[in-house]
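What follows is a single structure, written as structure tokens, with notes after it.
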């Protein structure tokens, strides 16, 4: 077996040693760190956990002076495991590649970290381990050192079916479009009953899709309203002044701590989304106030063009 093939399957610490260069750095490593996690793009990987193995090597800047047995002067192994745990807790992911990138980025925030090798493998998807390995380095102008770009804080507006069909809808949308802060619209399912699957998981998907059908109906009424389902698209829309209608399936199904509210309780689902999005306010038009909403809330009537 050639050295190239051997190194391709060797532990990342061997690759780090091979890529050390003329001035090798100190290295710390995490080997065979196995966690049960829900991850994967296939339907068979949803609502189940599988074993995922992490191997990480971090090249660190050599210490100047004596270590003095002081843990505060070194990059603790806990920072590596905490980076993994934090990214797993942030949201459910489909791709190991995404997880590896995020773990690497988080580790490179640490001031001692100069380069990181991350290998992640699924252990239960076949007779062997299926995985990805990446290498990321801190540059002179490392993105990890750049100030984070703040995500805009939206106002979330829930429109009942009566509000969607109200003659005042164009006036409300005019106000929202002219507002200084970004706006995300939420709707519930249409008045027509959704198909009944007789099985909880299938029904949950069907009920979320019913909300998205209604979102598309609202979009058809006014082209300013664009149906959006991912956090990335929503962030872009908020930064560019687009009126978005939240399509909930992706965010709800990918949430690590998903909403307690069922899709049939659409105002409560909108309240969960507003809180999870860091919204400044939840406005409900033609709907009752959900219980225990943890942000400022207003309830408006569908019978007049009140100020939204």
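Every number in this text was worked out from the coordinates using simple rules, so none of it is lab data. What you see is a predicted model; the values in this text were computed from it and never measured. Note: ideal-geometry Cβ built from the backbone for every residue, glycine included; neighbour counts use all protein chains shown.
Structural remarks
- Estimated FRET transfer efficiency (residue 76, residue 36; beta-carbon r; R0 30 Å; 0.05): 0.80
- Residues of region 164-206 falling in the label zone of residue 151, defined by backbone nitrogen less than 16 Å from a point 7 Å along Cα to beta-carbon, are 182-185.
- Antiparallel bridges, percent of DSSP beta bridges restricted to region 210-308 (to nearest 5): 0 percent
- Angle between the chain longest axis and helix 96-108 axis [Cα atoms, degrees, rounded to 10]: 70 degrees
- Within region 75-225, antiparallel bridges make up roughly 60 percent of the DSSP beta bridges whose residues both belong there.
- Computed [θ] at 222 nm, deg cm²/dmol, the chain (DSSP H ≥ 4; -39,500 (n - 2.57); rounded to nearest 500): -10000 deg cm²/dmol
- Using the average count of surrounding beta-carbon atoms within 10 Å as a protection proxy, the listed peptides 203-210, 55-62 rank, highest first, as 55-62, 203-210.
- FRET efficiency, residue 165 to residue 239 (Cβ-Cβ, R0 35 Å, nearest 0.05): 0.70
- Taking label positions 7 Å along the Cα-Cβ direction at both residue 289 and residue 226, the computed distance is 3.4 nm, reported to one decimal.
- FRET efficiency for residue 48 and residue 298, using Cβ-Cβ distance with R0 set to 51 Å, rounded to 0.05: 0.80
- Nearest 10 degrees, 0 to 90: helix 169-178 Cα axis against the chain principal axis: 40 degrees
- For region 155-300: relative contact order, % (alpha-carbon pairs under 8 angstrom, 6 or more apart): 30 percent
- Within the chain, DSSP assigns beta bridges of which about 55% are antiparallel (rounded to the nearest 5).
- Computing mean projected area of the Cα convex hull in nm² directly from the structure and comparing it against (1) 21.1; (2) 19.1; (3) 16.1 singles out (1).
- Rounded to the nearest 10 degrees, the inclination of helix 200-221 to the longest alpha-carbon principal axis of the chain is 60 degrees.
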